[in-house]
Amino acid sequence: MTVPKQKHTKGKRNMRRMHLFVKAPSLSVCPKCGKPVLPHIVCANCGYYKGVEVIDVLKDLSKKERKQKEKEMAAKEEGVEKKTLNWEEPSQK
């Protein structure tokens, strides 16, 4: 095995390792429920992909959990509909 002729300083070592790091995944927002989702992946919260229900998320829940989830989804849909922008809102702030 070869032996290095000179010591590599911490700076040289760290410059070599500068590009070795994990990047945060780029997340997009689900248009149905508003939760962050990986791109090109079905939303785990609502089960929709490109506006079509792919997975029935409520199927595996108990009756109490299903009722609570339906209530949350209905509230989210109302909130999304109410957040439409008009010309007066930006001028008021």
Next item on the list: State which residue pairs qualify: first residue at positive phi and inside segment 18-42, second residue among the basic types (Lys, Arg) in any location, beta carbons under 7 Å apart, and separation of 6 or more residues or different chains.
Entry: Gly34/Lys76
Check: Which helices (runs of 4 or more DSSP H) sit wholly inside the chain and have at least 1 residues that are modelled with pLDDT of 85 or more?
Finding: 10-16, 63-82
Margin query: Can you report the number of residues in segment 15-47 which are polar (S, T, N, Q), farther than 20 Å from Glu70 by Cα and surrounded by 10 or more Cβ atoms within 10 Å (Cβ to Cβ)?
Written below: 1
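The values are calculated or read from the model by the stated rules, or taken from the named source; none is laboratory data. For clarity, every value in this text was computed on a predicted model and none was experimentally measured. Glycine also receives a Cβ, built like all others from the backbone with ideal geometry; neighbour counts cover every protein chain displayed.
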